[in-house]
Each structure stands twice: as structure tokens, then as C-alpha cells.
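Worksheet: one structure, shown below.
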Amino acid sequence: DVKVTQSSRYLVKRTGEKVFLECVQDMDHENMFWYRQDPGLGLRLIYFSYDVKMKEKGDIPEGYSVSREKKERFSLILESASTNQTSMYLCASKVEGNYEQFFGPGTRLTVL
Amino acid sequence: QKEVEQDPGPLSVPEGAIVSLNCTYSNSAFQYFMWYRQYSRKGPELLMYTYSSGNKEDGRFTAQVDKSSKYISLFIRDSQPSDSATYLCAMSAWIKAAGNKLTFGGGTRVLVKP
């Protein structure tokens, strides 16, 4: 069964803290994605990775960085969290060349 | 103006009714169209996929694409309370490239009342 897991369901952090969100997939997918989801705005792509150690900026990369040292794991890093980064963060993965993205359950991050 | 527009709802219907959802878009390069369903506290899951214009049917679900009008629709027949969810349209210009991205609508929340 297809599985994408995210390290936390809920997270509360303070402004200025460094935040790590982790995503793991067990499907041997080449491509992985990080989105944020906000009411009325849908999903917006932050970063994606098409292979290990490869990364590309999405539509809203400012304030974020990513790391992909292993094929199954894709990390999103908020270097210095700010209140406007309070959001639902969704990770997804897919097979190279396929259209279907498989999503994790999401991490709801609150920055105080 | 957003690249993909979708009415946020909520759309409330009685059980058994037809649910009609739609999205409009501005980028004429889009040719791959998807509908995702997202239950509360879950990630989205792919429901329907359509390439270019035309209709596609899968059980109670029908997806339609009208590229000339830049308009896509999803119909749910004989709606059930289990169809209550947020429905997100998504579209893409180029699917084969590793880094190709999806552009999502904001999602429509649907509530099917027993």
C-alpha cells in the first residue's frame, strides 16, 4: 500500500525558531514535493526534488529550504520561523514520468 | 488574478443529489486536468484524471474538460454522505518532466446531508 508519512501532525513553534518538517515515502518514488495549503489559496508549491540531492524552487520558496540526502526522505526547513508561515504543510511523491502525486496527511504548523 | 479559480463553497446537497463542481483557468497551456478529494485532516487523493478536452466517467464520477472555454467540471451522481469532503482541481501543462508542477484551485467544500 502506498504510504507517505510526515513527522508530526501538529507543531507549535515560536517566531525565530528553526523548524524541520520531515517526509518519508516507502514507494521508491523519484520525485518529491512540499506544498503549503491555506484557506482559499489551495496548494502552493514550495520546493520539489526530482532525485536524491536534486532540488528546484517552486512558486513560494522564500523563507524555506529543503534537503534530500536519501531517496525516501525529503525535509523542509524553516530557517527562522515567522507568523506568516503558520499553515498546513503537505508532502507528496510520485514516480518519475507519472502524473499521480501521493500525499501525506499533512503537518499543521502554528508559529506564535 | 489567480491562475485557477474555484468557488470555495460550502456546497450543501441532500443525499442522492447530483453535485456539480467546476474550475476556470487562464493558462491555455494546461492540458492535463485532475480532481483530488481531501477528507478532513487527511492529504488529498487523486479522484479523476483527464487529458485535453472531453469527458471521462468512473462510476458515479464524471469529469469534463472544455479547453475552448478554459473550464473543467466534476459531477458526482447519487451523492452519499461519504462524498462530503473538499474537492480540489489541479492542472498541468507538461506531465512527463520530473519537475513539472501542478497548479491547484482553492478547493470546494462539499457537504452531503443524509
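The values are calculated or read from the model by the stated rules, or taken from the named source; none is laboratory data. Nothing here was measured: the structure is a model prediction, and the numbers come from that model. Positions of Cβ are generated from backbone atoms using ideal geometry, with glycine treated the same way; all protein chains shown enter the neighbour counts. Note: accessible area is taken over every heavy atom of the protein model, side chains too, but ligands, DNA and RNA are not part of it. Shrake-Rupley method; radii C 1.70, N 1.55, O 1.52, S 1.80 Å.
Tell me the net charge near A:ASP51. Cut-off is 10 Å between Cβ atoms, A:ASP51 excluded, with +1 for each Lys or Arg and -1 for each Asp or Glu.
Details: positive: A:LYS53, A:LYS55, A:ARG68, A:LYS71; negative: A:GLU30, A:GLU96.
Taking every other residue near A:ASP51 into account, the sum is +2.
Simple spin-label model, 7 Å along Cα-to-Cβ: B:ALA93 to A:GLU22 in nm?
3.7 nm
If we restrict to alpha carbons, what Rg and Dmax does chain B come to, in Å?
13.7, 44
Give, as a single signed number, the net charge of other residues whose beta carbon lies under 13 Å from the beta carbon of B:LEU111, with Lys and Arg counted +1 and Asp and Glu -1.
0
To the nearest 20 debye, what charge dipole does region A:38-112 have about its Cα centre, counting +1 at the Cβ of each Lys and Arg and -1 at the Cβ of each Asp and Glu?
The dipole of region A:38-112 has a size of about 180 debye.
Considering Cα pairs under 8 angstrom that are at least six residues apart, work out the relative contact order of region B:1-74 and quote it in whole percent.
28 percent
So how do A:ARG44, A:ARG9, B:ARG37 rank on accessible area, 1.4 Å probe, biggest first, that is with the largest at the start?
A:ARG9, A:ARG44, B:ARG37
Calculate the translational D of the protein assembly as shown in whole µm² s⁻¹ from Stokes-Einstein, where the hydrodynamic radius comes from the Kirkwood formula applied to all Cα pairs, the temperature is 10 °C and the viscosity 1.306 mPa s.
Answer, rounded: 88 µm²/s.
Where nothing but the Cβ of Lys and Arg (+1) and of Asp and Glu (-1) is charged, how large is the charge dipole of chain B around its Cα centre, in debye to the nearest 20?
That gives chain B a dipole magnitude of about 260 debye.
Picking from A:TYR47, B:MET48, B:THR62, whose Cα lies most toward the positive end of the charge dipole for the protein assembly as shown (charges on Cβ: Lys, Arg +1; Asp, Glu -1)?
Checked the options; the winner is A:TYR47.
Using a 1.4 Å probe and counting only protein heavy atoms, arrange A:ILE60, B:ILE18, B:ILE72 so the residue with the most accessible area comes first.
My answer, sorted largest first, is B:ILE18, A:ILE60, B:ILE72.
Through the Karplus equation 6.51 cos²θ - 1.76 cosθ + 1.60, θ set to phi - 60°, convert the phi angles of region A:64-80 into ³J(HN,Hα) values in whole Hz; use x for Gly and Pro.
With coefficients 6.51, -1.76 and 1.60, one gets 10, 9, 9, 9, 9, 8, 10, 4, 7, 10, 9, 10, 10, 10, 9, 4, 8 Hz.
With N set to the residue count of chain A, report its C-alpha Rg divided by 2.2 N^0.38 Å to two decimal places.
Compared with the compact-globule rule of thumb, chain A sits at 0.99.
Give or take rounding to whole Å, what are the principal axis extents of the alpha carbon atoms in region A:57-103, in descending order?
35, 21, 16
Give the cross-link partners of A:LYS55 among the aspartates and glutamates, using a straight C-alpha distance below 19 Å as the criterion and excluding same-chain residues fewer than 8 apart.
Output for A:LYS55: A:GLU22, A:ASP28, A:GLU30, A:GLU69, A:GLU72, A:GLU79, A:GLU96.
What net charge is computed for the residues neighbouring B:THR62, neighbours being all others with C-beta under 11 Å from the C-beta of B:THR62, Lys and Arg scored +1, Asp and Glu -1?
On the way: positive: B:LYS56, B:ARG60, B:ARG77; negative: B:GLU57, B:ASP58.
Once positives and negatives cancel, what remains is +1.
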